[in-house]
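These notes are about the structure you will find just below.
The values are calculated or read from the model by the stated rules, or taken from the named source; none is laboratory data. Every value quoted in this text rests on a predicted model; they were computed, and no experiment measured them. Positions of Cβ are backbone-derived with ideal geometry, glycine not excepted, and every protein chain shown enters the neighbour counts.
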Amino acid sequence: MKRKNFSFIAGFVLICILLFVMYDIYAPFFADFNTMVRRNGENLMIGNQTFRAVGVNDYDLAYQNNSVIAQTFAQLHNAGVTTVRFWLFGDGISNGFQPTAGDFNKTRFKQTDYVIYEAKKYNIKLIPTLVNNWTDYGGKDQYIKWIGENPATDETIFYTNNQIKSLFENYISYVLSRKNTYTNVTYADDPTILAWDIMNEPRSTDQNAMNNWLISIAEFIKQHDPNHLVMAGTENAIVTGNNPKDDGKSSDLCANSAIDICSTHLYLFNNTQPLFTNYNEVTDFIETQANYAKQVNKPLLLEEFGIAQDTIPFGENQLAMMKQIINDSKKDGYAGYIVWDWSNTSTSSFTFSPHGDTNGNYSLSDLKKLIN
């Protein structure tokens with residue numbers, strides 16, 4: 001009798017151990033399905049629900065103090081924002097993420113930890129961008145300088161030099177393996193992150209070299225982080241012959257399996273110079289990008305768009321025109337949009353902020369009207 005009881009207890013314990021091991025192995029997959037943003041054809045999904053990005057860019061968010069970060073997420077949540085894109089780079093600058101090559105600023109990363117922590121409180125998803133095409137916050141020019149070359153001589157070296165690629169992959173490895181000091185979750189496992197955006201507005205005179213580099217980096221990210229979507233931060237999902245935004249070409253890049261989300265940026269002016277002669281051309285641009293995304297069966301984000309207050313788009317009110325762009329992108333099946341931009345500190349005429357018109361910005365009330 002005692003032996004039978006012992007056998008029963010031993011068997012029960014063994015079953016419990018097996019169930020625990022199986023749960024430990026398979027639970028993350030169920031958790032990922034229910035909390036990670038994934039793609040299903042042209043849609044972004046969380047679990048069985050379609051997710052639509054309703055967002056703002058807040059590029060210097062991780063450079064703010066905790067009080068401003070907390071205030072920002074409370075304000076954005078109140079406005080109805082579901083997504084924030086921000087710079088997770090700062091190369092060759094003393095307070096940046098990477099002041100010198102391979103040297104990572106733990107203070108700056110701790111601010112990013114707090115960004116993720118606050119976003120999670122409000123169920124706001126994040127799109128961190130990993131490097132800049134432009135010289136702001138270092139950018140690709142800084143990587144070229146780090147290997148002792150002159151970016152003015154040949155900017156394509158950023159996309160072709162193996163030493164530069166190793167430096168950037170080293171940075172990415174640190175980012176993905178970073179354990180959040182507030183949540184104790186590594187970035188690669190955190191469902192608060194919607195997608196990794198490789199580069200802000202990549203451009204090159206060697207289009208093939210740039211696209212091959214972006215695909216290679218996307219594959220590298222996926223090897224080290226199979227949980228998250230990857231995008232390239234391009235200004236165009238597809239380029240057409242009459243496209244006034246033809247500078248940052250990206251033909252067929254988003255068709256590659258390593259890229260999960262197609263991206264486009266839409267501005268009506270270059271400073272005060274119009275890029276479109278009428279709104280029909282804007283509609284054509286929106287539809288062309290959408291048709292390409294449908295063709296390659298990928299979600300499409302209007303990752304940046306905005307109208308400065310010192311420009312008059314086709315004689316119309318700026319907010320009304322932005323609302324029209326949002327409605328047209330939704331009609332054409334975009335997976336969402338991300339306004340340029342939100343800031344508690346900027347005085348740019350593009351910026352939405354709690355301070356409003358007194359600083360030359362749009363107000364928080366304007367943002368609510370725009371996205372609701």
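If you take the residues in the range 270-291 that are touching a residue at least 24 places away in the same chain (Cβ under 8 Å) and within 19 Å of R203 (Cβ to Cβ), which one is surrounded by the most Cβ atoms within 10 Å (Cβ to Cβ)?
Among those residues, the one meeting the criterion is Q289.
Taking the options I198, I116, name whichever one is touching a strand residue (DSSP E or B) at 6+ places or on another chain (Cβ under 8 Å) and closer than 21 Å to N34 by Cα. Please lay out each step first, then the result.
Details: I198 fails: closer than 21 Å to N34 by Cα.
Step by step, each of I198, I116 is checked, and only I116 is touching a strand residue (DSSP E or B) at 6+ places or on another chain (Cβ under 8 Å) and closer than 21 Å to N34 by Cα.
So, in the range 201-231, how many residues would count as being outside any loop (DSSP other than H, G, I, E, B), of a type outside the set (V, I, T) and in contact with a strand residue (DSSP E or B) (Cβ under 7 Å, 6 or more places away or on another chain)?
The qualifying residues number 4.
Does the range 267-274 contain at least one residue that is within 24 Å of V68 (Cβ to Cβ), of a type in the set (A, V, I, L, M, F, W, C) and part of a strand (DSSP E or B)? Reasoning before the result, please.
Here is the first cut: in the range 267-274, the residues within 24 Å of V68 (Cβ to Cβ) are none.
For the range 267-274, residues within 24 Å of V68 (Cβ to Cβ), of a type in the set (A, V, I, L, M, F, W, C) and part of a strand (DSSP E or B): absent.
Counting residues that are of a type outside the set (A, V, I, L, M, F, W, C) and modelled with pLDDT of 95 or more, which helices (runs of 4 or more DSSP H) fully inside the range 71-161 reach at least 3?
Details: elements: 106-121, 139-146, 157-160.
In the range 71-161, 106-121, 139-146 are the helices (runs of 4 or more DSSP H) which contain 3 or more residues that are of a type outside the set (A, V, I, L, M, F, W, C) and modelled with pLDDT of 95 or more.
I want to confirm something. Restricting to the range 47-70 and keeping residues that are of a type outside the set (G, A, S) and assigned to a loop (DSSP other than H, G, I, E, B), which single residue is modelled with the lowest pLDDT?
From the range 47-70, those of a type outside the set (G, A, S) are 48-52, 54, 56-61, 63-66, 68-69; that's our starting set.
When the remaining residues are screened for being assigned to a loop (DSSP other than H, G, I, E, B), the result is 48, 52, 58-60, 64-65.
Numbers: N48: 94, R52: 97, D58: 98, Y59: 97, D60: 97, Q64: 97, N65: 97.
The residue in question is N48.
Across the range 339-372, which residue is surrounded by the fewest Cβ atoms within 10 Å (Cβ to Cβ) among those that are of a type in the set (V, I, T) and out of contact with any Phe, Trp or Tyr (no Cβ under 8 Å at 6 or more places or on another chain)? Lay out the reasoning, then the answer.
Step one: list which residues in the range 339-372 are of a type in the set (V, I, T), which gives 339, 345, 347, 351, 358, 371.
Those still in the list that are out of contact with any Phe, Trp or Tyr (no Cβ under 8 Å at 6 or more places or on another chain) too: 345, 347, 358, 371.
On the way: T345: 12, T347: 12, T358: 9, I371: 20.
The selected residue is T358.
Taking G333 as the residue in question, decide whether it is of a type in the set (G, A, S) and within 28 Å of S67 (Cα to Cα). Show your work before the answer.
Working: of a type in the set (G, A, S): yes; within 28 Å of S67 (Cα to Cα): no.
In short, no.
Any idea which of I326, I312, I338 is in the same structural domain as A195 (by TED's automatic domain parsing) and in contact with a Ser or Thr (Cβ under 9 Å, 6 or more places away or on another chain)? Walk me through how you get there before you give the answer.
Numbers: I326 fails: in contact with a Ser or Thr (Cβ under 9 Å, 6 or more places away or on another chain); I312 fails: in contact with a Ser or Thr (Cβ under 9 Å, 6 or more places away or on another chain).
Matching residue, one of I326, I312, I338: I338.
Looking at this structure, is D328 over 24 Å from Y279 (Cβ atoms) and among the acidic types (D, E)? Spell out how you get there, then give the answer.
Details: over 24 Å from Y279 (Cβ atoms): no; among the acidic types (D, E): yes.
It is false that D328 is over 24 Å from Y279 (Cβ atoms) and among the acidic types (D, E).
Listed here are the residues, each with its yes/no results for (1) in the same structural domain as A195 (by TED's automatic domain parsing); (2) touching a Pro at 6+ places or on another chain (Cβ under 8 Å); (3) closer than 24 Å to N133 by Cα.
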site	(1), (2), (3)
N65	yes, no, no
A74	yes, no, no
N78	yes, no, no
F86	yes, yes, yes
F109	yes, no, yes
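Go through N132, N123, N95 for me and flag whichever is assigned by TED's automatic domain parsing to the domain that holds I172, surrounded by fewer than 19 Cβ atoms within 10 Å (Cβ to Cβ) and in contact with a helix residue (DSSP H, G or I) (Cβ under 7 Å, 6 or more places away or on another chain). Before the answer, list the steps.
On the way: N132 fails: surrounded by fewer than 19 Cβ atoms within 10 Å (Cβ to Cβ); N123 fails: in contact with a helix residue (DSSP H, G or I) (Cβ under 7 Å, 6 or more places away or on another chain).
The conditions single out N95.
I'd like to check something: does the range 313-334 contain any residue that is crowded, with 18+ Cβ neighbours inside 10 Å, part of a strand (DSSP E or B) and at negative phi?
Among the residues of the range 313-334, not one is crowded, with 18+ Cβ neighbours inside 10 Å, part of a strand (DSSP E or B) and at negative phi, which makes the answer no.
Does the range 296-307 contain any residue that is in a loop (DSSP other than H, G, I, E, B), among the aliphatic types (A, V, I, L, M), surrounded by 23 or more Cβ atoms within 10 Å (Cβ to Cβ) and modelled with pLDDT of 95 or more? I'd like the intermediate steps shown before the answer.
As a first pass, look at the range 296-307 and keep what is in a loop (DSSP other than H, G, I, E, B): 297-299, 307.
Still in the list and also among the aliphatic types (A, V, I, L, M): 307.
This time we only want the ones that are surrounded by 23 or more Cβ atoms within 10 Å (Cβ to Cβ), so: 307.
So of that shortlist, the ones also modelled with pLDDT of 95 or more come out as 307.
Yes: the range 296-307 contains one or more residues that are in a loop (DSSP other than H, G, I, E, B), among the aliphatic types (A, V, I, L, M), surrounded by 23 or more Cβ atoms within 10 Å (Cβ to Cβ) and modelled with pLDDT of 95 or more.
Please find, among I215, I124, I172, I198, the residue that is within 17 Å of L61 (Cβ to Cβ) and within 20 Å of the chain's Cα centre (by Cα).
Details: I215 fails: within 17 Å of L61 (Cβ to Cβ); I172 fails: within 17 Å of L61 (Cβ to Cβ); I198 fails: within 17 Å of L61 (Cβ to Cβ).
Exactly one of I215, I124, I172, I198 is within 17 Å of L61 (Cβ to Cβ) and within 20 Å of the chain's Cα centre (by Cα), namely I124.
Would you say G47 is small (G, A, S), at positive phi and touching a strand residue (DSSP E or B) at 6+ places or on another chain (Cβ under 6 Å)?
On the way: small (G, A, S): yes; at positive phi: yes; touching a strand residue (DSSP E or B) at 6+ places or on another chain (Cβ under 6 Å): no.
So G47 fails the test.
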